[in-house]
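Inspection log for the structure reproduced underneath, given as structure tokens.
Every read-out reported here was derived from the displayed coordinates using simple, explicitly stated rules and does not represent laboratory data. It should be emphasised that the depicted structure is a prediction, and the values quoted were computed from it without experimental measurement. Cβ: placed from backbone, ideal geometry, glycine included. Neighbour counts: every protein chain shown.
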Amino acid sequence: GQGDVHGEVVVLGSGPGGYSAAFRAADLGKKVVMIERNSTLGGVCLNVGCIPSKALLHVAKVITEADEMGAHGIAFGKPKIDLDELRDFKDGVVGKLAGGLDGLAKGRKVQVVRGVGKFTGPNMIAVEGPEGTTRVSFDQCIIAAGSEPVELPFIPHDDPRVVDSTGALELLDIPKRMLVLGGGIIGLEMACVYDALGSKITVVELMDQIIPGADKDLVKPLMNRIKGRYENIFLKTKVTGMEAQKKGLKVTFEDDKGETFTDTFDKVLVAVGRKPNGKLIDAEKAGVAVDERGFIAVDAFQRTGQSHIYAIGDVVGQPMLAHKAVHEGKVAAEVAAGEKRAFDARVIPSVAYTDPEVAWCGLTEEQAKAQGIKVEKGVFPWAASGRSLSNGRSEGMTKLLFDPEDDRVVGGAIVGTNAGDLISEVALAIEMGADAVDLGHTIHPHPTLSETVNFAAEMFEGTITDLM
Ligand code: FAD
């Protein structure tokens, strides 16, 4: 083994939550040990999540933009795709960032112990690594064990043609016909990539809309676009069976009227959600409660029921997003170092990096309705934005929700190109308690997509004059 080691703060897991916590605790003077079972740091987000998916989505965007230039008199012809080089590009991006994390850990003298860690007591984790067992003792511990894809019992997950997001990101081939099981963010992002690369896509979703959780009007422009590009989008439909045959995966669907039908695909991406890793770490040996789904409950200080053990990121609950994990990691580290800090963020933005992108933060109209909260809205359709028309992509929309009492912004949603970057202004507005006049009187650069936030506030105020 690596010998017994002690950390004042021990972090279990090196994803965005874990490394943020470890680096912050080290910066605050703590002796930090970080435990990771993978050969590289960075967790799901860096290795098989946010980053490789965005590298491929960038490529998808270039392909489809080049293709659509045909309508404006610029023809590029059919792209020649070299999958090996494309994979190298994606792996290179991940490798560079992983190397960066190694450097950041070394620079702060954060000791990394490789192997699978499990609690053996309230102040001890045993790590099974390639060279044996290391006993890691701690004064305080931050659990950042993350999550993994949910599998479905009736699906032949051992068939190589059935993949999860990790398998889809490996980009082993470009299937002719691909089924994306699950119309959430992860499934739709990968659908976008494979569609651009030339696969014929079918999406199946149990709920009555794609990206359940986002407002229906927000998702509509995305739905309209992919309806025109994909072979099929089945809503209110479930997959009830899957049979591995020589010629493909024969899938049985059942719609909301109970009618069944089948189709055969070359590849199936299962993207039906992620489950927390809380059950895999023997948390009960440290007295930390894990619920039946594998989540670990925490208070506003990120503390579990054991006040010296914290938990952060995907393992503590929804939304399972990297920026939430990072924020919680910093809170846990600062509390562990004795600082006055708590998780009190008003909003956590959500983004689907699809084409077009879908982004929202704060209250949605659906939530406001369900919770009986009165809101008023300002909506700006991008068809009246000079910039989106210039981009040839005017299907977007920017929507702001206001508290009718004081006109403060309580929610915002944007669909359109770059919506993911644009939503941050709304997040800041909500955190700062900004109202419609604040957004309406802030001079935005013209012509930009960011102006649409300003225009949506003016639509609400009734002061808009400068359409286009
Ligand atoms: P993780 O990143 O899951 O890291 C946990 C780490 O702990 C892992 O490295 C794991 O190996 C390690 N570990 C677990 N148990 C043990 C153990 N017992 N011993 C040792 N090590 C252990 N989020 C976004 O915000 N934006 C995106 O664009 C985005 N895109 C995504 C795309 C895909 C395809 C996927 C799958 C996810 C995406 N996410 C995205 C979600 C994001 O990846 C997660 O929210 C984020 O990684 C959670 O961070 P974390 O630190 O909680 O855990």
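Taking the alpha-carbon centroid of each part, what is the distance from segment 73-108 to segment 345-383 in angstrom?
32 Å
Residue by residue, what Karplus-based ³J(HN,Hα) values in Hz, rounded to whole numbers, does segment 298-311 have, using 6.51, -1.76 and 1.60 with θ = phi - 60° and x for Gly and Pro?
9, 8, 5, 9, 6, 8, 7, x, 8, 5, 9, 10, 10, 9
For segment 306-462, what is the number of Lys pairs with C-alpha distance below 28 angstrom, counting only pairs 8 or more positions apart or on separate chains?
Lysine pairs meeting both conditions in segment 306-462 amount to 10.
Can you order the peptides 215-223, 388-396, 32-40, 289-297 by their average number of other Cβ atoms within 10 Å per residue, highest first?
On the way: 215-223: 19.7, 388-396: 17.7, 32-40: 21.8, 289-297: 15.8.
Packing order, densest peptide first, comes out as 32-40, 215-223, 388-396, 289-297.
Give me Rg over Rh for segment 387-433, both radii from the alpha carbons and Rh done the Kirkwood way, two decimal places.
Numbers: Rg = 12.4 Å, Rh = 11.6 Å.
Looking at segment 387-433, the ratio lands at 1.07.
Within the chain, which complete DSSP H helices have Cα atoms spanning at least 20 Å along the helix axis and a mean Kyte-Doolittle hydropathy of -1.0 or higher? If you can, show how the numbers build up before the last one.
Numbers: long enough: 50-68 (26 Å, 0.44); 83-107 (36 Å, -0.09); 322-336 (21 Å, 0.00).
Counting only whole DSSP H runs, the qualifying helices are 50-68, 83-107, 322-336.
Quick check: residue separation of residue 374 and residue 170 times 0.36 nm, minus the Cα distance between them. What number comes out in nm? Could the numbers behind the result be given before it?
On the way: separation 204, 0.36 × 204 = 73.44 nm, distance 4.61 nm.
Working it through step by step, the gained length comes to 68.8 nm.
If a cysteine in the chain has no other Cys Cβ under 4.7 Å from its own Cβ, put it on the list, ordered by number.
By the Cβ distance rule, which asks for a partner under 4.7 Å, the isolated cysteines are 141, 192, 361.
Quick one: 3J(HN,Hα) in Hz for segment 276-292, Karplus 6.51/-1.76/1.60 with θ = phi - 60°, rounded, Gly and Pro as x.
Each residue's phi maps through the Karplus curve to give x, 8, x, 7, 9, 10, 6, 4, 4, 5, 9, x, 8, 7, 10, 7, 5 Hz.
Label points 7 Å out from Cα along the Cβ direction at residue 236 and residue 68: separation in nm?
3.0 nm
Please go through the residue pairs 200/236; 90/216; 227/275; 220/250; 61/90; 61/96 and name each one whose alpha carbons sit more than 26 Å apart in this structure. All intermediate terms of the calculation are to be shown ahead of the outcome.
Values: 200/236 21 Å; 90/216 33 Å; 227/275 30 Å; 220/250 30 Å; 61/90 15 Å; 61/96 22 Å.
Beyond 26 Å between Cα atoms: 90/216; 227/275; 220/250.
Can you sort 312, 63 so the residue with the fewest Cβ neighbours within 10 Å comes first?
Ordered by Cβ neighbours within 10 Å, fewest first: 63, 312.
If one computes P(r) from the Cα atoms of the chain, what percent of pairs lie at distances over 27 Å?
The share of Cα pairs beyond 27 Å in the chain comes to 60 percent.
Normalised by the residues of the chain, what does the relative contact order come to in percent, with Cα pairs under 8 Å and at least six apart?
So the answer I get is 15 percent.
How much net charge surrounds residue 247 when only the other residues with a Cβ under 14 Å from the Cβ of residue 247 are counted, with Lys and Arg +1 and Asp and Glu -1?
+2
Cα convex hull of segment 270-395: mean projected area in nm², to one decimal?
Mean shadow area of the hull around the Cα atoms is 11.8 nm².
Amide H of residue 410: which non-local residues (sequence gap of 5 or more, or other chain) have their own amide H closer than 5 Å, using H built in the peptide plane?
Under 5 Å from the amide H of residue 410: 401, 402, 403.
If contacts are Cα pairs under 8 angstrom and at least 6 residues apart, what is the relative contact order of segment 253-327 in percent?
Relative contact order here is 19 percent.
Stokes-Einstein D for segment 152-197 at 10 °C, 1.306 mPa s, Kirkwood Rh over Cα pairs, in µm²/s?
Translational diffusion coefficient: 141 µm²/s.
Spelling out what I want: for every residue of segment 141-154, take phi, set θ = phi - 60°, compute 6.51 cos²θ - 1.76 cosθ + 1.60 (Karplus), and round to whole Hz; glycine and proline get x.
The phi angles translate into 10, 10, 7, 9, 7, x, 8, 9, x, 6, 9, 10, x, 8 Hz.
Please label the shape of segment 1-52 as rounded, prolate or oblate, based on the square roots a ≥ b ≥ c of the eigenvalues of the alpha-carbon gyration tensor (a/c under 1.5 means rounded; beyond that, a/b larger than b/c means prolate, else oblate).
Oblate, because a/c is 1.5 or more while a/b does not exceed b/c.
Only bridges with both residues in segment 1-159 count here: give the DSSP antiparallel percent, nearest 5.
Beta bridges within segment 1-159, antiparallel portion: roughly 40 percent.
Within 10 Å of each residue's Cβ, count the other Cβ atoms and sort 50, 192, 141, 45 from fewest upward.
Neighbour counts put them in this order, fewest first: 50, 45, 192, 141.
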